[in-house]
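To start, the structure under review is shown below, and the notes come after it.
Coordinate-derived values only; no laboratory data. Note that the structure is predicted; figures quoted are calculated from it, not measured. Please note: Cβ atoms are built from the backbone with ideal geometry, for glycine as well, and neighbour counts cover all protein chains shown.
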Amino acid sequence: MNAEFILISADHWIVIAIKNYPGHYEHDQGITSKLDGKEFFDSSFYYMYNRTYKIDYITHLINPDIKVTSLMIFINEHSFTDINTSYDIEIIQRNGVKHFIENLAPVTPLSEDLLAIFTDKLNKYHVENPEKFESLQPSDFDSLQKGIYCPHCLSFNTEVRRSYIQCKDCEATETKAATVLRHVNELKVLFHQHPKMLKTKNLYDLMNHQIPPRTIRKYIKQNQ
């Protein structure tokens, strides 16, 4: 799940990520951000959403009434942020941590029985090292589901517009540039032992021919 912390009570779980960026951090949707004006690939918000989604799934197996929320803390004392994201993630700075803790709603303490249930369920989904997994082989490419999926609800029911992608299920939008860079990153991860798989044709096929090769090459070149 790769979450730094999960703050757990009987009726509320908070998924917490810590960021240590020094300087002016800017994020405006998509999967790129800027630090002191320099753009870089940044999937923090998508992965935070994905982690929270998985935790929410686990808690629903225990009790559907458990509330799950996300918190991202920018801990560096020299960090200040301008963030625009459609994901439901609370953002606080280093100097806001004490205030956040003091203003947490009263929580229901964990009984020993409930703690045992939570521990058992989390252990079932525990992965020793999520960064180390076996790379897919080139022959596996054809079996991958093709198309552009929504980074919010994970639905493949999406539509390509002139400059953005829109999900027909949740109506979320993502720029074409962010969509291309997201698929570049996923192809890198899935075939991390086969760097030759990262080519325009494979990206074009992976996105089910919804974005033309010329556009794919343009966005890759812009973000190199």
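Just flag the GluC sites (Glu not before Pro) in the range 52-136 sitting in loop per DSSP whose Cβ has no more than 13 other Cβ atoms within 10 Å. Write down the numbers at each step before the final one.
Details: sites: GLU77, GLU90, GLU102, GLU112, GLU128, GLU131, GLU134; in loops: GLU77, GLU128, GLU131, GLU134.
Answer by residue number: GLU77, GLU128, GLU131, GLU134.
For helix 176-190, what angle does its Cα long axis make with the longest principal axis of the chain, in degrees from 0 to 90 and rounded to 10?
So the helix axis and the longest Cα principal axis differ by about 80 degrees.
Could you give the length gained on full extension between ALA105 and LYS67, defined as 0.36 nm per residue of separation minus the Cα-Cα distance, in nm?
Details: separation 38, 0.36 × 38 = 13.68 nm, distance 1.21 nm.
Full extension of this stretch gives 12.5 nm more.
Answer rounded, prolate or oblate for the range 14-69, using the Cα gyration tensor with square roots of eigenvalues a ≥ b ≥ c: rounded when a/c is under 1.5, else prolate when a/b is larger than b/c, else oblate. Don't skip to the end; give the middle numbers.
Working: a/c = 4.22, a/b = 2.79, b/c = 1.51.
In terms of gyration-tensor shape, prolate.
Semi-axes, largest first, in whole Å: what does sqrt of 5 times each Cα gyration tensor eigenvalue give for the range 123-198? Don't skip to the end; give the middle numbers.
Values: eigenvalues 134, 59, 26 Å².
For the range 123-198, the ellipsoid semi-axes come out as 26, 17, 11 Å.
Under the classification rounded if a/c is under 1.5, otherwise prolate if a/b is larger than b/c and oblate if not, where does the range 164-224 fall, given a ≥ b ≥ c as square roots of the Cα gyration tensor eigenvalues?
On the way: a/c = 1.89, a/b = 1.55, b/c = 1.22.
Taking the square roots of the gyration eigenvalues as a ≥ b ≥ c, the range 164-224 is prolate.
May I ask for the angle, rounded to the nearest 10°, between helix 112-124 and the longest principal axis of the chain, with both axes built from Cα atoms and the value confined to 0 to 90°?
Once rounded, one gets 20 degrees.
Which of the three applies to the range 89-167, rounded, prolate or oblate, going by the alpha-carbon gyration tensor with a ≥ b ≥ c and a/c under 1.5 meaning rounded?
oblate
Contact order normalised by length for the range 30-153, with contacts defined as Cα pairs under 8 Å and 6 or more residues apart; what percent is it?
Working: 69 pairs, mean separation 24.5, N = 124.
Value for the range 30-153: 20 percent.
Using 0.36 nm per residue, how much length does the chain from PHE40 to LEU144 gain when fully extended, once their Cα-Cα distance is taken away?
Values: separation 104, 0.36 × 104 = 37.44 nm, distance 2.75 nm.
Taking PHE40 through LEU144 to full extension adds about 34.7 nm, to one decimal.
Residue farthest toward the positive end of the dipole of the range 67-120, with Cβ of Lys/Arg at +1 and Asp/Glu at -1: which of PHE100, THR81, LEU71?
It is THR81, whose Cα lies furthest towards the positive end.
Please compute P(r) over all alpha-carbon pairs of the range 5-124, binned at 5 Å starting from zero, and give each bin as a whole-number percent.
With 5 Å bins starting at 0, P(r) equals 2, 10, 19, 20, 17, 13, 9, 6, 3, 0, 0.
Near LYS121, which lysines are there with a Cα under 27 Å away, not counting those fewer than 8 places off in the same chain?
Leaving aside lysines fewer than 8 places away in the same chain, those within reach of LYS121 are LYS54, LYS67, LYS132.
Tell me which chymotrypsin sites (Phe, Trp or Tyr not before Pro) from the range 103-182 have a DSSP coil assignment and no more than 15 other beta carbons within 10 Å of their own.
Filter output for the range 103-182: TYR125, PHE133, PHE156.
Just to be sure I understand: if I project the alpha-carbon convex hull of the chain onto a plane and average over all orientations, what area do I get in nm²?
Working: hull surface 56.4 nm².
With every direction weighted equally, the projected area is 14.1 nm².
Evaluate the charge dipole of the chain about its Cα centre and quote only its size in Debye, nearest 20, assuming +1 on the Cβ of each Lys and Arg and -1 on the Cβ of each Asp and Glu.
On the way: 25 positive and 28 negative charges, 266 e Å.
Roughly 1280 debye, rounded to the nearest 20.
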